[in-house]
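Asker: Next up is a structure, given as structure tokens.
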Amino acid sequence: MHILSGKEVSKAVYADLHARTASFIKTYGYAPTLAVVLVGSDPASQSYVRSKKKACIELGFGHQDYVVPETITQLELVNLVKRLNQDSSVHGILVQMPLPSHLDSNEVIETIDPHKDVDGFHPISVGKLLIGLPTFVSCTPLGVVAMLDHYQIETASKHVVIIGRSNIVGKPLAALLMQKGRDATVTVCHSRTRDLSSLTLTADILIAAMGKPLFVTPSMVKEGAVVIDVGINRIEDPSDPRGYRLVGDVDYAGVSPHCSAITPVPGGVGVMTIAMLMKNTLQAAEQLADKDTL
Ligand code: NAD
């Protein structure tokens with residue numbers, strides 16, 4: 001059984017990004033810059049935003065943080081995004097989700113200029129992905145595919161079963177893997193899927209993205225399958241100083257002896273997401289710079 005290490009893959013991605021960033025800065029005289037908008041003070045969102053800022057600093061990217069109160073109105077938030085669209089020193093825009101319930105996240109996402117949509121959530125980005133055009137792709141699915149590529153795990157003609165149909169993981173991942181060139185046969189399962197095990201047992205590559213701790217057990221996995229665990233869940237653990245530990249959607253201890261390769265949690269897919277955000281931001285800066293020089 002092979003452990004697919006997000007740390008190892010992200011190290012290779014960052015090495016490439018460092019080189020490309022240095023070359024970008026030398027050519028254009030400014031750094032790729034990410035603007036992150038955080039509404040309110042949710043601790044998990046604050047932590048994600050801190051990690052993104054840290055990655056920007058490490059790569060020599062510019063970063064602009066907009067921390068706005070939870071009481072911000074829809075109009076004020078949309079106007080902030082519009083200002084960032086107009087700001088030529090900003091190349092990527094990310095509005096940290098989820099937003100407080102009084103705000104309409106769809107409208108906010110649709111306001112982001114698709115050229116700066118480094119999260120890949122804009123309907124134009126999602127539509128282009130579906131029809132196989134180059135576009136920004138949501139970072140976690142991109143991270144999964146980068147891991148498969150790094151470890152040379154063939155997807156062509158393989159049956160990939162994805163558990164989860166969210167707009168940020170399951171659906172874009174299905175779209176990526178079924179495209180010409182990747183050529184997987186993809187089954188997407190969700191909370192209303194009947195007899196889930198009968199489907200997961202047919203998976204050559206099983207991807208769990210459901211947010212249910214340790215849900216995937218050995219009896220759900222075909223012998224020799226590749227298992228990708230996207231889930232990140234906190235479970236109580238009095239022996240841990242934090243009082244909790246992180247686990248995936250897969251019962252790693254039980255499943256790993258039966259598969260050919262598996263991602264751990266932590267240290268698997270989670271590490272890849274921010275690396276892919278940085279990659280998308282650099283790509284946005286490169287594309288915008290190319291547009292300016294036309
Ligand atoms: P979500 O809640 O939006 O979607 C969960 C999906 O799982 C839904 O489509 C639902 O239908 C399906 N599901 C739930 N219970 C099910 C069941 N019993 N059987 C079959 N399907 C079921 O979640 P999400 O945002 O897609 O995130 C999924 C998991 O991935 C979470 O643990 C989240 O923390 C993690 N995540 C990790 C990263 C990362 O950086 N690695 C990024 C995003 C999400």
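Asker: So which residues in segment 206-241 are touching an Asp or Glu at 6+ places or on another chain (Cβ under 8 Å) and more than 16 Å from the ligand (Cβ to nearest atom)?
Answerer: If the condition is that a residue be touching an Asp or Glu at 6+ places or on another chain (Cβ under 8 Å) and more than 16 Å from the ligand (Cβ to nearest atom), then Pro218, Lys222, Ala225, Val226 are the ones that fit.
Asker: Could you check how many residues of segment 149-162 are within 19 Å of Val216 (Cα to Cα) and either part of a helix (DSSP H, G or I) or in contact with a Leu (Cβ under 7 Å, 6 or more places away or on another chain) (or both)? I'd like the intermediate steps shown before the answer.
Answerer: Initial filter on segment 149-162 (within 19 Å of Val216 (Cα to Cα)): 159-162.
Those still in the list that are either part of a helix (DSSP H, G or I) or in contact with a Leu (Cβ under 7 Å, 6 or more places away or on another chain) (or both) too: 160-162.
Residues that pass the stated criteria total 3.
Asker: Give the residues of segment 163-197 that are hydroxyl-bearing (Ser, Thr, Tyr) and within 11 Å of the ligand (Cβ to nearest atom), sorted by residue number.
Answerer: The first filter runs over segment 163-197 and keeps only residues hydroxyl-bearing (Ser, Thr, Tyr), leaving 166, 185, 187, 191, 193, 197.
Listed by number, the residues that qualify are Ser166, Ser191, Thr193, Ser197.
Asker: Here's another thing I want to ask about it. Pull out all pairs, ordered by first then second residue, where Cβ-Cβ is under 9 Å, the residues are six or more apart or on different chains, the first lies in segment 132-148 and is more than 12 Å from the ligand (Cβ to nearest atom), and the second is aromatic (Phe, Trp, Tyr).
Answerer: From segment 132-148, the pairs are Phe136/Phe121.
Asker: Failed condition for Leu38, given (1) under 19 Å from Gln283 (Cβ atoms); (2) surrounded by 14 or more Cβ atoms within 10 Å (Cβ to Cβ), with all others met?
Answerer: In the conditions (1) under 19 Å from Gln283 (Cβ atoms); (2) surrounded by 14 or more Cβ atoms within 10 Å (Cβ to Cβ), Leu38 misses (1) alone.
Asker: Okay, moving on. Taking into account only those residues within segment 242-264 that are touching a Gly at 6+ places or on another chain (Cβ under 6 Å) and of a type outside the set (D, E, K, R), which is nearest to the ligand (Cβ to nearest atom)? Spell out the reasoning first.
Answerer: If we filter segment 242-264 for residues that are touching a Gly at 6+ places or on another chain (Cβ under 6 Å), which is where we start, we get 248-249, 260.
Narrowing further to those that are of a type outside the set (D, E, K, R): 248, 260.
Values: Gly248: 8, Ser260: 21 Å.
The residue in question is Gly248.
Asker: Continuing with the same structure: Can you confirm whether segment 76-96 contains a residue that is within 16 Å of the ligand (Cβ to nearest atom) and surrounded by fewer than 23 Cβ atoms within 10 Å (Cβ to Cβ)?
Answerer: Kept after step one, since they are within 16 Å of the ligand (Cβ to nearest atom), are these residues of segment 76-96: 94-96.
Imposing the further condition that a residue be surrounded by fewer than 23 Cβ atoms within 10 Å (Cβ to Cβ) reduces the set to 96.
For segment 76-96, residues within 16 Å of the ligand (Cβ to nearest atom) and surrounded by fewer than 23 Cβ atoms within 10 Å (Cβ to Cβ): present.
Asker: Please go through (1) surrounded by fewer than 18 Cβ atoms within 10 Å (Cβ to Cβ); (2) under 22 Å from the mean Cα position of the chain (by Cα); (3) at pLDDT 95 or above for Asp229 and return the number of the only condition it doesn't satisfy.
Answerer: (1)
The values are calculated or read from the model by the stated rules, or taken from the named source; none is laboratory data. Note that the coordinates shown come from a computational prediction; the quantities given were computed from them, not determined experimentally. Here the Cβ is made from the backbone with ideal geometry for all residues, glycine too, and neighbour counts use every protein chain on show.
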